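Each value in this text was obtained by applying a stated rule to the coordinates, not by laboratory testing. What you are looking at is a predicted structure, and each value in this text was computed from that prediction instead of being measured. Positions of Cβ are backbone-derived with ideal geometry, glycine not excepted, and every protein chain shown enters the neighbour counts.
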Amino acid sequence: MRRLLFQAGIPLVLALALPAAGAAQKLYTFNVAVLGGVGGSFDEDQAGFTNSSFQLDLGSVIEDRTLVSARLGRLDYGTGELLGSISDAEITYLVLGAEYHNPPGFFTHTLGESGLFVGVGGYDLSGIRPDGTEESDTTVGLTVAALGDFDIRRRVAFRLEFSGHYTLLDAAQFYLLAHAGFNFRF
């Protein structure tokens, strides 16, 4: 009788424990982050780091704490600002890469979780040359970003992201961007 109760009790305990385990996991497979910020290039000294920037992050979970992710963004130097000798410069980029979120207890706190993004992509520079003609330069580049997600709700987090970009653009090659916004999980 004791053995029968024990055998019947195991499935009951498992049935009650599985929903709790599922709630502890991250129950999303896709995320969308909408970010705004500032940035600039540190290998040219005229424009500074107060140029406006916008970025859209799209990610899909491929493994626990690992996402394949795309970053679509724009760095706008604005009217009157120069990037090297180019005025009204805009850099648009699309970067594909991997995003890794640290496991619990590894640089994580109760307020949020940290992560790292590494990717490669395409960069397009447009603007006006000193002689008044249009400038257009397209090339490849690398991106490394450190990010932090601070949960507001289970499926919404406030995101901070600091990224460095290395490109083969003629006007400037190294860019730093700081973004903040919201990450929505689906």
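Just to check, using Stokes-Einstein with a Kirkwood Rh over alpha carbon pairs, what's the diffusion coefficient of region 32-177 at 10 °C and 1.306 mPa s in µm²/s? Let's see the in-between values first.
Working: Rh = 16.0 Å.
This corresponds to a translational diffusion coefficient of 99 µm²/s.
Amide H contacts for residue 81 (H built 1.01 Å from N in the peptide plane; partners 5 or more residues away or on another chain; cut-off under 5 Å): 88.
Protection proxy ranking of 122-134, 88-100, by the mean of other Cβ atoms within 10 Å over each peptide's residues and highest first, is 88-100, 122-134.
Couplings for region 144-161, taken from phi via the Karplus curve 6.51 cos²θ - 1.76 cosθ + 1.60 with θ = phi - 60°, read 10, 9, 9, 9, x, 10, 10, 4, 9, 9, 4, 10, 9, 9, 8, 10, 10, 9 Hz in order; Gly and Pro are left as x.
Amide H to amide H, with H built 1.01 Å from N, residue 48 comes under 5 Å of 41, counting only residues 5 or more places away or on other chains. In plain terms, the chain from residue 85 to residue 174 could stretch by 30.4 nm, reckoned as 0.36 nm per residue minus the Cα-Cα distance. Relative contact order of region 106-163, taken over Cα pairs closer than 8 Å and 6 or more residues apart, is 33 percent. Listed values for region 58-74 are Karplus-derived 3J(HN,Hα) couplings in whole Hz (6.51 cos²θ - 1.76 cosθ + 1.60, θ = phi - 60°), namely 10, x, 10, 5, 10, 7, 3, 6, 10, 10, 8, 9, 10, 10, 10, x, 9, and x replaces Gly and Pro. 3J(HN,Hα) along region 114-128, derived from phi through the Karplus expression 6.51 cos²θ - 1.76 cosθ + 1.60 where θ = phi - 60°, amounts to 9, x, 9, 10, 10, x, 10, x, x, 10, 10, 9, 10, x, 10 Hz, with x in place of Gly and Pro.
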